[in-house]
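The structure appears right after this line, and notes come after that.
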Amino acid sequence: MAGADLDDILARHLGREGALLPILRDVQVAFGCVSPASEAAIALALNLSRAEVHGVVGFYHDFAAERDPRPEVQICRAEACQARGVEALISGAQAAAGERVLLRTVYCLGLCSVGPSARVGDALHARLDAEGLRRLIEAA
Amino acid sequence: MRTVRISDDALARACGADAVAAEFARRGATVERVSSWGMHWLEPLVEIEGEGWGPVTADDVAAILDGTCDKAIDRIADHPFMADQQRLTFARAGKTRPLSLADFAATGGWAALERARAIGPATVVEEVIASGLRGRGGAGFPAGIKWRTVADTPGARKYIVCNADEGDSGTFADRMLMEGDPFALIEGMAIAALAVGAQRGYIYVRGEYPDAIRKLEAAIPLAAPRISPFEIEVRVGAGAYICGEETSLLNSLEGRRGEVRAKPPLPAIAGLFGCPTVVNNVLTLAAMPHILAEGGAGHYGGLGFARSRGTMPIQLAGNIRHGGLYETAFGVTLDELVHGIGGGTASGRPVKAVQVGGPLGAYLHPDQFDIAFDYESYTAADALIGHGGITVFDDRTDMGAMARFAMQFCAAESCGKCTPCRIGAVRGVAVIDRIRAGGRSPEGLECAPQMHNSRKTGRSQAEEVTLLEDLCETMTYGSLCALGGFTPFPVLSALKHWPEDFGLAPQSGKGMAEQTHGI
């Protein structure tokens, strides 16, 4: 099942210029990680060494070696959101998340005039206060 | 029934615009989803026949429809925030449906591309040079000169790469343009392709912008017949801030680690896959339709201040009452932007500092607020305008912590290729911690008798400050790109203006930082 999906992704991108990043992105989205087995298969398909593929996977923050099954809430903690008080929300967010939800720090969701902001999947949320962020995390 | 216009910009949606639109639709109104005007404190903003209401929630919908809502702002175009702007790049903001080819054509879309085809590549390049447009990504390099270099470099394959990896905190103009007026960017890229003889273009968008990716992927097939044989493809980043640096971006597009390349060769000579490549920011390319319109270059070049020509879409962000997008000619002062247009802080407290130009920009003190928005004026003040983001901080901000964050951010996002950035940023965090702790004494293993070379005396706070200044000098002059090279701007400016936040006596830090700036 998983193998077939990987083949589909490879077939979709082979022959494109600079195909590695689009492939890794699709693999990350489909499987929640880029596993060593996927790295080997991608390397073979693109005629690269496994080390080259592994080096690229390791470089980018968005690629994970292992899948984390927990729901993910991304919280922006860059300067503009700091200026709007995101740091004061972090301990409450961690308490609400516990072990159940993965909180990930991101630097900038581009909502810098209405922070603090967060992202769950492709949905963005702005003007968060402690209560709003807690509800968002509990619903994740 | 009247037509209700509500933005479908990611920011408006994050503030609840979808629920408001759904409520209007439920009550039988015709809802048009348009781009955002850029008045972010009023989002979700509802427009009915030119009149505006904001910020609206679903509960306000009934009152708006029966005329009793107290959130009215009267005519949007006459609002003080809008009335004094000079919107060229963002001329369509708030007015058109982003993916409507009809709206685009009705507001002058494709006219510049048609004209560019008629006047030919050489004249196009001349007009871009004449407009004085400088790259809006941050470096401010004259766009026309870059185009001429690519046009003059022989090559069977050439590329147009749009840098849409808008990673700087406090900036969102690229996102707004891609979501609100994607065809303008596509037209700008097609003009660039025509000017330099490129066959293919890539838009490298950061993964943090799902709405922009979706809009561009929908817009490109719609526009394909108009720009043919030129082809554009969207590529999505993978969470690396450094990929906003042009050579790192090119490596990423090629499927490599996003490490910075040494220059020369310039990307204009040997860029993507070794071919001559134009790498321009979204705003640079999106300015082209105005510049290439009849008389556009002269009009654009006639605006501005000193060597900064035309308009800049300035982004007001952070702790600011009236945050949003403010496009105006260069020359406006920071005081006007922050206290006049921006209305001061959102918290109502005094402004302590303003960071201009994203995480690599200097923190400016209110004493410096008479500075004019201009590339050279900022450079002279040891600051930069970067991508035009302005982040406001109130008096509760700990500037020592912000300086530490600048180093921490650099350490997290360094590509690792050059030592001053990779190691310097990590050491920078440690030195700032030691300054804030008042210096340090030797401890642990350092005190062991067999550690003959370890320092046995403590280092005073003043010595730690000197160390930080030395480190910043090394990073400034030794780093390969702007990440390591500019991180000292926020660090040293914070040290210079707010030494008390580092636990230093107000005067001592200031004197020392000034000495460093004199180097």
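Of note:
- Where helices (runs of 4 or more DSSP H) sit wholly within segment B:236-294, those with at least 3 residues that are within 17 Å of the chain's Cα centre (by Cα) occupy B:282-286.
- Members of segment B:135-148 found to be over 14 Å from the mean Cα position of the chain (by Cα) and farther than 15 Å from residue B:162 by Cβ, listed by number: B:141, B:142, B:144, B:145, B:148
- The set of residues in segment B:315-334 being among the charged types (D, E, K, R) and either buried (at least 24 other Cβ atoms within 10 Å of the Cβ) or not in a strand (DSSP E or B) (or both) consists of B:321 alone.
- Qualifying residue in segment B:347-360 (condition: open to solvent by 20 Å² or more (accessible area, probe 1.4 Å), more than 14 Å from chain A (Cβ to nearest Cβ), on the phi < 0 side of the Ramachandran plot and out of contact with any Lys or Arg (no Cβ under 8 Å at 6 or more places or on another chain)): no
- Residue ID - nearest to the other protein chains (Cβ to nearest Cβ), chosen from residues in segment A:21-38 that are of a type in the set (A, V, I, L, M, F, W, C) and surrounded by 22 or more Cβ atoms within 10 Å (Cβ to Cβ): A:21
- Test: residue B:282 is open to solvent by less than 10 Å² (accessible area, probe 1.4 Å), β-branched (Val, Ile, Thr), at pLDDT 95 or above and touching a helix residue (DSSP H, G or I) at 6+ places or on another chain (Cβ under 9 Å): yes
- Options B:116, B:58: the member that is modelled with pLDDT of 95 or more, more than 28 Å from the chain's Cα centre (by Cα), surrounded by 14 or more Cβ atoms within 10 Å (Cβ to Cβ) and not aromatic (Phe, Trp, Tyr): B:58
- Those helices (runs of 4 or more DSSP H) lying entirely in segment A:60-140 with at least 1 residues open to solvent by less than 60 Å² (accessible area, probe 1.4 Å), facing chain B (nearest Cβ under 10 Å) and at negative phi: A:79-83
- Inclusion of residue B:391 among residues that are open to solvent by 10 Å² or more (accessible area, probe 1.4 Å) and either farther than 21 Å from residue B:323 by Cβ or within 14 Å of chain A (Cβ to nearest Cβ) (or both) is not warranted.
- Boolean, residue B:370 is in contact (Cβ under 8 Å) with a residue 60 or more places away in the chain and more than 20 Å from residue A:80 (Cβ to Cβ): no
- Residue A:56 vs. criteria open to solvent by less than 50 Å² (accessible area, probe 1.4 Å), β-branched (Val, Ile, Thr) and outside any loop (DSSP other than H, G, I, E, B): yes
- So residue B:500, is it more than 33 Å from the chain's Cα centre (by Cα) and either within 14 Å of chain A (Cβ to nearest Cβ) or assigned to a helix (DSSP H, G or I) (or both): no
- Residue B:54, sole failed condition from (1) in contact (Cβ under 8 Å) with a residue 40 or more places away in the chain; (2) within 22 Å of residue A:112 (Cα to Cα): (1)
- Flag if residue A:41 is closer than 30 Å to residue B:345 by Cα and either at pLDDT 95 or above or surrounded by fewer than 17 Cβ atoms within 10 Å (Cβ to Cβ) (or both): no
- Within segment B:4-47, if we keep just the residues that are in a strand (DSSP E or B) and open to solvent by 10 Å² or more (accessible area, probe 1.4 Å), the residue that is farthest from the other protein chains (Cβ to nearest Cβ) turns out to be B:30.
- Within the option set B:156, B:130, being farther than 26 Å from residue B:204 by Cα and over 23 Å from the mean Cα position of the chain (by Cα) holds for one residue only, B:130.
The values are calculated or read from the model by the stated rules, or taken from the named source; none is laboratory data. Because the structure is a prediction, the values reported are computed rather than measured. Every residue, glycine as well, gets a Cβ built from its backbone with ideal geometry; the counts of neighbours run over all protein chains shown. Ligands, DNA and RNA are excluded from the accessible area calculation, which covers all protein heavy atoms including side chains. Shrake-Rupley method; radii C 1.70, N 1.55, O 1.52, S 1.80 Å.
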